[in-house]
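Worksheet: one structure, shown below.
Just so you know, all these numbers are worked out from the coordinates, no wet-lab data involved. Fair warning: this is a prediction, and the values are worked out from it, not measured in the lab. Glycine also receives a Cβ, built like all others from the backbone with ideal geometry; neighbour counts cover every protein chain displayed.
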Amino acid sequence: MSQTTTEIRLAGSGGQGLITGGIILAEAAILDHKNVVQSQSYGPEARGGASRAEIIIAEGPIFFPKATWVDIFLAMSQKACDQYSFDIKNDGIFIVDTTYVKQIPTSSAVAIPISAATREKFGKELFSNIVALGVLCEACKVVSGKALKAAISHRVPKGTEKINLEAFTFGQKLAREAQKNHNEADSEAIAADT
Amino acid sequence: MNKKSSYRLLQGNEAVAEGALAAGINFFAGYPITPSTEVAEILADRLPADGGKFIQMEDEIGSIAAIIGASIGGCKALTATSGPGFSLMQENLGFACLAEIPLVIVNVMRGGPSTGMPTSPSQGDVMQARWGTHGDHPIIVLSPSSVEEAFHYTIKAVNLAEKYRNPVILLMDEVIAHMRARVSLPPESMVERINRVHPNMPPEWYLPYERSATGVAPMASFGDGYRYHITGLVHDAKGYPTASPNECRDNIRGLFTKIERGFREICLVDYEQMEDAEHAIVAYGSMVLSARSALEQLRESNCKVGLIKLGTLWPFPRFALEQYLPQLKTILIPELNMGQIYREILRVNAGKAVIEKLNRVNGTLITPSELVKTVKGLIR
């Protein structure tokens, strides 16, 4: 595959809305005039069980629909994090929801308590997937925020557009704060070294 | 969605539903089953709005019975199911073959046998699609390998069913059914629609199974004033059961002749990089996706490999292989089963090239890198 290909994997437990999240990301990529393929893998249960969505975004043609060398990984459960993080690129972006992921296999992860923060802000975890999209958008810019917002409005149930867009913006804010804290911790570490 | 762009994000099953509507399907009876449910879900919403009928039946036996009845009544009828449901449909599928009733069954294959792996991909029903119902019978089986093809092959399936008065099976695997891709569908005015030939003689002259020059008899709809008999027994030109050896022969041989006459039109095959190929991958369904990706890598390392993509599985498009046999040293057949089309390739090859299979039955895809490794091993 060419250099312009980005492979994204959203993994968690069934019911967290990650396949919906994958569909929204894919639709946003189309709005950004890119080629895209989205696939999914899930168990027979309606809720619980491992669930993952994979999105491949490219400028050119995409042949194989599954991710094989992942650029961006979002884990929203410990099981998903353990099972599906084996083929992440060394310089890949690793996002974890620390509400459910307690053991993180890398120190360079974007670690945010996505579900807990969503519950605190909106009273329920229902919007965690959209908050996660906000985090992902801010952390990697693979699709534009404008396209993602349009795709969210198109795909979420009618009447919930406004609150979902709020959730998205909230996710972006969480990512920015995490980045800031990370940078500060870095400079403190450097200062302590010297 | 962005109005300026004609591109949409479409799922394989959605593409089937869109294709069914574009082809003029106006009757669906079915029972939801993973991984085909979206077809029923979408048509339940869209068909009634379009003036068509949607019925959720009590099971898959009832589902195929209902679409047989609808087709006899003049509707273009389709159902969608998966392995367990497809098994239940086999008896009535044979009835539709013998009574020559146009209909389309979408079978989205999942891991089997029995309840198997409901959400995982498989290509285990290839032989069932051919021989699942008893007795000698012809069948048409198409297998799309992309979301876009799922749309076009559904239209083709409906058209072939109408033209040949025969059941057509659209055999998809879970990956094609559930993947979403960026596609652009043609406007309805660009879609070819074929309708069955209706009789134009006075009702008293009509023979429902008297074959025209094309090998297919005109089909009257019940209620059109043509009174005739339909049976699952082997029958004469009037449709009545017969034990006359000549009439029985004509009935059964006639079923085969009509499909043989249309063989080239029915067979959908594509060739990629076969001109100078010394080695070929023969693939269908999701295995085409793995093969294409492998081909790109193999060509980069100067391996003369090509792809023969089977869009039609039955009748088996043997010419697709035969024409390349003189130039081929090895042929690899990757399948998500224990080797079903592999046996057909062996039969057609008749010992000329080295034939190898690559099989997987664990509910995951064969990856491009596995294919690359296997092909390189074969070449060496």
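Sorted into 10 angstrom bins from 0, the C-alpha pair distances of region B:286-331 split as 23, 48, 27, 2 percent.
Checking the cross-link pairs B:258/B:309; A:34/A:146; A:89/A:121; B:329/B:376 against a 22 Å limit on the alpha carbon distance flags B:258/B:309; A:89/A:121 as lying beyond it.
The coefficient of translational diffusion for region B:8-190, derived via Stokes-Einstein from the alpha carbon Kirkwood radius under 10 °C and 1.306 mPa s, stands at 101 µm²/s.
Which percent of the Cα-Cα distances in region A:1-112 go past 18 Å? Taking all Cα-Cα pairs of region A:1-112, the fraction more than 18 Å apart is 47 percent. Net charge in the neighbourhood of residue A:161 (other residues with Cβ under 13 Å of its Cβ; Lys, Arg +1, Asp, Glu -1) is +3. Of all DSSP-defined beta bridges confined to the protein assembly as shown, some 40% are antiparallel rather than parallel. Over region B:10-93, the pair-distance histogram of Cα-Cα distances with 10 Å bins from zero comes to 20, 55, 24, 1 percent, rounded to whole numbers. For region B:97-223, the antiparallel share of DSSP beta bridges with both residues in that region comes to about 15%. Expressed to the nearest 5 percent, the antiparallel share of DSSP beta bridges inside region A:36-194 is 45 percent.
Estimated from helical segments only, the mean residue ellipticity of chain B at 222 nm is -11500 deg cm²/dmol, where each DSSP H run of four or more residues counts as -39500 (n - 2.57). As a calculated quantity, the FRET efficiency between residue A:166 and residue B:59 at R0 = 45 Å, using C-beta atoms, amounts to about 0.50. Under a Gaussian network description of chain B, with springs only between Cα atoms under 10 Å, the residue in B:73, B:223, B:232 that fluctuates furthest is B:223. The share of Cα pairs per 5 Å bin across region B:109-151, counted from zero up to the longest distance, runs 5, 18, 21, 22, 20, 11, 3 percent. Quick check: from the Cα gyration tensor, does region B:203-264 come out rounded (a/c under 1.5), prolate or oblate? Oblate is the answer for region B:203-264, as a/c is 1.5 or above yet b/c matches or exceeds a/b. Peptide A:33-43 has a mean shielding of 6, counted as Cβ atoms of other protein chains within 10 Å of each residue's Cβ.
Seen from all sides and averaged, what is the projected area of the convex hull of the Cα atoms in region A:1-58, in nm²?
3.8
Hey, what D do you get for region B:212-325 in µm²/s if you plug the Kirkwood alpha-carbon radius into Stokes-Einstein at 4 °C and 1.567 mPa s? Answer from the Stokes-Einstein relation: 73 µm²/s. Take the Cβ atoms of residue B:248 and residue A:89, set R0 to 51 Å, and the FRET efficiency comes out at 0.20. Taking only alpha carbon atoms, the protein assembly as shown gives an Rg to Rh ratio of 1.03, where Rh is the Kirkwood radius. Considering only the Cα atoms of region A:6-193, their convex hull presents on average a projected area of 11.1 nm². Just the number, please: Stokes-Einstein D of region A:61-141 in µm²/s, Kirkwood Rh from C-alpha pairs, 10 °C, 1.306 mPa s. Roughly 119 µm²/s, to the nearest whole number.
Please label the shape of region B:113-237 as rounded, prolate or oblate, based on the square roots a ≥ b ≥ c of the eigenvalues of the alpha-carbon gyration tensor (a/c under 1.5 means rounded; beyond that, a/b larger than b/c means prolate, else oblate).
Values: a/c = 3.16, a/b = 1.58, b/c = 2.00.
Here region B:113-237 falls in the oblate category.
Comparing B:361, B:158, B:282 in a Gaussian network model of chain B, where Cα atoms under 10 Å apart are tied by springs, the biggest mean-square fluctuation is seen for B:361.
When its C-alpha radius of gyration is set against 2.2 N^0.38 Å (N residues), region B:270-379 gives a value of 0.95.
When the alpha-carbon atoms of region B:316-370 are used, the pair Rg, Dmax equals 12.1, 36 angstrom. Put the Cα centre of region B:162-204 next to the Cα centre of region B:238-292 and the gap is 17 Å. Within the listed set A:56, A:163, A:88, the residue fluctuating most in the Gaussian network model of chain A (springs between alpha-carbon atoms under 10 angstrom) is A:163. Each listed q (0.07, 0.10, 0.15 Å⁻¹) maps to a log10 I(q)/I(0) for chain B, found by the Debye formula over equal Cα scatterers with no solvent: -0.32, -0.64, -1.31.
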